[in-house]
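First the structure, in the form of C-alpha cells, and then the observations on it.
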Amino acid sequence: MPCGGASQFLILYGSQRGQAQSIAEEISEQAAEHGFLAEISCLSKGEKYNLDREHGPVVFVVSTTGDGEPPDTALKFVRKIKNKSLPRDHFSHVHYALLALGDTNYANFCNCGKTIDKRLQELGAKHFYATGHADDGTGLEVVVDPWIEGLWEALKKTFSRMSDSNQENTARDDVTKKNIQQGAEIQEKLDSSVVSLHLLKLSDVETQKEKAETSVSESETAKPSGAPLEVSLIRSVPPLSQSSLNVPALPPAYLEVCLEDVPVEEESVHVVKEGFHEVSVSRALHLTRGDAVKSTILLELDISDQDMPYQPGDAFDVLCPNRATEVEELLWRLGLKDQRSHCIHLQLRKDTKKKGAQVPSYIPHKCTLQYLLTWCLEIRSVPKKAFVRALVEWTQDSTEKRRLQELCSREGSADYNRFVRDTNVCLLDLLQAFKSCSPPLSLVIEHLPKLQPRAYSAASSSLCHPGKVHFVFSEVEFPACAEHPKRTGLCTGWLTHHVSPILQPCGTSTAVKKTADCSALPKIHVRSRVSNTFHLPSDPSVPLVMVGPGTGVAPFIGFLQQREKEREKKQSDSFGETWLFFGCRHKDRDFIFREELERFVENETLSHLKACFSRDEPDGNEPEPKPKYVQHQLLLRAKNIVNILVKESGYLYVCGDAKNMAKDVNDTLIEMMGNELQLDKLESMKMVAKLREEKRYLQDIWS
C-alpha cells in the first residue's frame, strides 16, 4: 500500500525511562517498510496531536512506573481522560491498538496501560487490534516482537475497511472482530507463555530454556563422542546455527560526533543543573558482622546546609559514576584512549531518517569524552536488540557477525535472553566477546541510555536526626560467569569504596567522635524523591503493619523514630498499635537495627516485633519449627493482621525485594483473607485489591 494520507496513523507513547519511547520509535521506523506513514508523539506533547479529532488508527505504547502509576509523561493524559464529565461517546471515532509495558515482579502489572485501555473503551473508542501486555520480568521481546509483527496486517485491514465507504456496517464490524480475535489468539499464547515462565521457579525456567535451546534431532545428540553441544554467547548450535534468520531492520543513525582538543571548563555544574546537592557523608557504619553473607552499610548524610526536607517513607537519589576501570577499558576498545580529554560536540546528521531525532538532553553542551562516559551514559546497561543489530554492521569477522545476527533475530530470542539479558551482559562484555566489532562513538551514544541515579529509602526521621538523613544498602555482587567477570553493583560498589576511609566496623558505638575536618569527609550528590503515599497515616491512632526483611526495614526505622518523637510530644494522644515483621539470614550476623528495634519495643513505640532467621539451624528442643520467612510469620498472626486491616481500617506497608518476598507476602495476604473471613480466592483477591485502591496496602519494592 503506498504511503499517503489514507495510510497514515498516529503513535502515542508514555515512557518513564525510555523503553516505551524506544518501542514506539521502532514501530515508526518499520512503518514505511509496510507501506504506512506514521506520526509519533509523546503523550505529554498535547499540542502535537488532537485525539478528539483523530480519525485515523492510533497506536499507544505505554509503560507503568512505581506502584502501578502512569509514567510522568502520561500523567496529564490519564487525568484528562479520567474526567467524569466526558460523554460516553467522546472517543467513538477513535480506532486504536495498545501495547502496555510492565513487570510481573511488581504489583499492578501494566496498570497504566490497562487504565488507559479501559477508559478509552468506556468513552466509546474501539480496538482494531488486541492489546498486548509485555513483561519486563521475562523479557519484553517475548510479547513486543510478535505484537508488532501482527500490527501491520491489522493496520492493512483497518485501512481497507476505512477506505471502502460502501461497505456495510456489519461487514466492517466482522473485519474488526476478526482482527481482534486473531490478535487475541496471539496474545493469549504469549500471555500463557509469560505466565508459565513467571510462575516457575528460576531453576525450572533455566531447565526449560536449556531443553529448548539444545533441542536437536536424536541422531545429533547420540553422537559416538558423547560430547555436549557448547552453546554460549559467542556460539550457537543447530537448529539455530543452520536456520535462516528474520533480522530486524537496521536502526537509522542520527548523530554526528566531533572531538576537539580544546580546553573544557569545570563540568561539575552538570549535576547541579539536574537538581542534585553535594553533601558530606558524616558517618559510615557496617551494620552486619564480617562473616555475614551480604555486607550492609548505613550512611549518614549531613544535609543541614541544604534545602532538603523529607518525611519517613521518602527516598533519595544517589548519583554515582561509572567505574573508572570500565570507562578506561571502553575508551581503549573504541580506539579513543588518547582522546579522553577532548571536548565532544554532538549534532544531528543531515541525512538521518530517524523521525523526531534529537541530541540527547542529558549530555552537556561542552564536556570531555571521559566525562561523557563517566557521568552521562549507562555503560553497564544490557544492550537492546536494536543495539545488537547495529553492532552487526561494524563487525568484520563473518562468524561473529552471524552470531550477532542470531542474537538480535526473532529465531535467536531464547539465546538473547539466556546469554545477554539474563546474565546482565553490557556493551563492554560484547566488545570483549566479539573482537572484530569496532563501533563508532556516535553509535554508542545513540544506543546507550542515560546514566540513572539509584534510589535509597530514608532510614531516619528528621525529628530524631535534625539536619541528617540515613540510608542503608547491601553491596550487590554479580558472580563471574562465562559472559562477564565478577563485579559489584554500580552504585553499591562505588559507595562502599568511596566511604571506606571513614567506614566503621559493626558494633561501633553511635557516640563515636565525628571527624572534625568536614572537608576530609567523602561527598556524594543526592536529591530527594518525595513519596506521594508511602508515609505514616495522618491519624496516629490508626494501627500499622510493617513488613521489611533485610534492608527493607529501612523506611520503618524512620517511621518508628517519627512515632517515638510524636508520642513524647503528645502523650495524651491515642496511638495505634504497630507491628513489624523482619527477617534476615542469621540472628547474630545480620539482624540490622536490632538494638534500636528492641528499644522501640521497650518504650512501646513498637507493639510487636516478629523476626525470623532463614539460615539459622533449628533448635532441637523447639516443639515446632520456627517460621523461616516473613510470610510464615504473617500466617501465624493472620487473625490479628486481618482484624487490623478489615475491622480497624489499618495500614499494611511492604518494603524490599519485589521478585520473591513481595509476591509471597501478597499471596499470603490473599490466603489469610480467605481463611479468616471464609472467602473463596476470587473474593479474597478483591479484598486485597480494595486495600490497594484505598491506599492502605502500600509497597516500596525493587527487583
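The string of couplings for segment 51-59 from the Karplus curve (6.51, -1.76, 1.60, θ = phi - 60°) is 5, 5, 10, 8, 9, x, x, 10, 10 Hz, one whole number per residue in order, with x for Gly and Pro.
Modelled label positions at ALA480 and ASP616, each set 7 Å beyond Cα in the direction of Cβ, lie 3.6 nm from each other. Largest first and in whole Å, the equivalent-ellipsoid semi-axes of segment 293-376 read 34, 21, 14, each the square root of five times a Cα gyration tensor eigenvalue.
Membrane-span-like helices of the chain, defined as complete DSSP H segments with a Cα extent of 24 Å or more along the helix axis and a mean Kyte hydropathy of at least -1.0, are identified as 141-163, 169-199.
Computed with a 1.4 Å probe over protein heavy atoms only, the accessible area of ASP700 comes to about 40 Å².
As an equivalent ellipsoid, segment 414-565 spans semi-axes of 38, 22, 16 angstrom, where each value is the square root of five times an eigenvalue of the C-alpha gyration tensor, largest first.
The peptide list 688-698, 627-637, 83-93, put in order of mean Cβ contacts within 10 Å with the highest first, becomes 627-637, 688-698, 83-93. Taking 4 °C and 1.567 mPa s as conditions, segment 1-137 diffuses translationally at an estimated 86 µm²/s according to Stokes-Einstein applied to its Kirkwood radius (Cα pairs).
Available extension along the chain between LEU245 and GLU393 is 51.7 nm, counting 0.36 nm per residue and deducting the alpha carbon span. With Cα atoms as the point set, the radius of gyration and Dmax of the chain evaluate to 27.5, 86 Å. If you average over every viewing direction, what projected area does the convex hull of the Cα atoms of segment 548-703 give, in nm²? Projected over every direction and averaged, the Cα hull of segment 548-703 covers 10.4 nm².
Of all DSSP-defined beta bridges confined to the chain, some 45% are antiparallel rather than parallel.
Ordering 483-489, 19-25 by mean Cβ neighbour count within 10 Å, with the highest value first, yields 19-25, 483-489.
DSSP beta bridges in segment 1-130, what fraction antiparallel, as a percent rounded to 5? Rounded to the nearest five, the antiparallel share is 5 percent. Segment 629-693 and segment 472-487 have Cα centres lying 34 Å from one another. Take the Cα of SER607, step 7 Å toward its Cβ, do the same at LYS337, and the gap between the two points is 6.5 nm. Packing here is the average count of other Cβ atoms within 10 Å per residue, and on that basis the peptides 394-406, 234-246, highest first, run 394-406, 234-246.
Suppose R0 equals 25 Å. What FRET efficiency, 1/(1 + (r/R0)^6) with r the Cβ-Cβ distance, do LYS523 and LYS366 give to the nearest 0.05? For LYS523 and LYS366, the calculated efficiency is 0.55.
For the chain, the fraction of 1.4 Å probe accessible surface lying on carbon and sulfur atoms is 48 percent. When the helices of the chain are scored as -39500 (n - 2.57) per DSSP H run of n ≥ 4 and the total is divided over every residue, the value at 222 nm lands at -10000 deg cm²/dmol. A 1.4 Å probe run over the chain, with the rest of the protein chains in place, finds 49 Å² accessible per residue.
Net charge of the neighbourhood of GLU400, taken over other residues with C-beta under 12 Å away and scored Lys/Arg +1, Asp/Glu -1, is +3.
Multiplying the residue separation of ARG17 and GLU149 by 0.36 nm and subtracting their alpha-carbon distance yields 45.1 nm. Legend: calculated FRET efficiency, GLU378 to GLU694, from the Cβ-Cβ distance at R0 = 22 Å, rounded to 0.05, equals 0.05. Each of LYS450 and LYS659 was given a label point 7 Å from its Cα along the Cα-to-Cβ line. The distance between the two points is 2.7 nm. Compactness check for segment 253-403: Cα Rg over 2.2 N^0.38 Å is 1.38.
Normalised by the number of residues in the chain, the mean separation of alpha-carbon contacts (under 8 Å, six or more apart) gives a relative contact order of 12 percent.
For the pair SER442 and LYS587, the difference between a 0.36 nm per residue extended length and the Cα-Cα distance amounts to 47.0 nm.
The values are calculated or read from the model by the stated rules, or taken from the named source; none is laboratory data. Values in this document were obtained by computation on a predicted structure and should not be read as measured data. Quick reminder, even Gly has a Cβ in these numbers, built from the backbone with ideal geometry, and neighbours come from all protein chains shown. What goes into the accessible areas is simple: the full protein's heavy atoms, side chains included, and nothing from ligands, DNA or RNA. Shrake-Rupley method; radii C 1.70, N 1.55, O 1.52, S 1.80 Å.
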